[in-house]
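See below for the structure under consideration.
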Amino acid sequence: HDALLGSSVPSLTSYISPRSVKPMVQSYLTFIVKSTLYSTLIIGSGYLLLEATVPSPEQMALRLKEAGRGNSFTTQDERQRAEDFYKTLKENAESDRPIWDVRW
């Protein structure tokens, strides 16, 4: 081996001694274990927050059903005003006038 490369090329063992390899491997494994643990902890806590805050489909359907009851027009007058507003909005949208020239 030394005959091919010459004596000026140092061997690998002069750079890394067997005693310095063991602490490097231990620190690398410690890093891997800690990063895996922290990643699992962060992702797991995110999943738990998701499960705690997002309603189930049954709860969502119930909330939408209850919300739909409260938003309906209660009087004929309110319904007529909303219809008039949409009719005026549609007429103004279909006209050739500029957008700021609204005719009520």
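The values are calculated or read from the model by the stated rules, or taken from the named source; none is laboratory data. This one's a predicted model, so the numbers in the text were calculated from it and none came from an experiment. Cβ sites come from the backbone with ideal geometry, for glycine too, and all protein chains shown count toward neighbours. Side chains included, ligands, DNA and RNA excluded: accessible areas come from the protein's heavy atoms. Shrake-Rupley method; radii C 1.70, N 1.55, O 1.52, S 1.80 Å.
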Determine whether Arg69 is at pLDDT below 85, outside any loop (DSSP other than H, G, I, E, B) and surrounded by 10 or more Cβ atoms within 10 Å (Cβ to Cβ).
-> no
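Out of curiosity, is Leu62 surrounded by fewer than 10 Cβ atoms within 10 Å (Cβ to Cβ), out of contact with any Leu (no Cβ under 6 Å at 6 or more places or on another chain) and either assigned to a helix (DSSP H, G or I) or at pLDDT 90 or above (or both)?
no
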Would you be able to say whether some residue in the stretch 31-53 is modelled with pLDDT under 80 and either in contact with a Gly (Cβ under 6 Å, 6 or more places away or on another chain) or surrounded by fewer than 10 Cβ atoms within 10 Å (Cβ to Cβ) (or both)?
-> no
Residue check, Gln76 against (1) closer than 30 Å to Trp104 by Cα; (2) modelled with pLDDT under 90; (3) open to solvent by less than 100 Å² (accessible area, probe 1.4 Å), all met but one. Which one?
-> (3)
Answer yes or no as to whether Glu83 is loosely packed, with under 10 Cβ neighbours inside 10 Å and in a helix (DSSP H, G or I).
-> no
Which condition does Val21 not pass, out of (1) open to solvent by 70 Å² or more (accessible area, probe 1.4 Å); (2) modelled with pLDDT under 80, if it passes all the others?
-> (1)
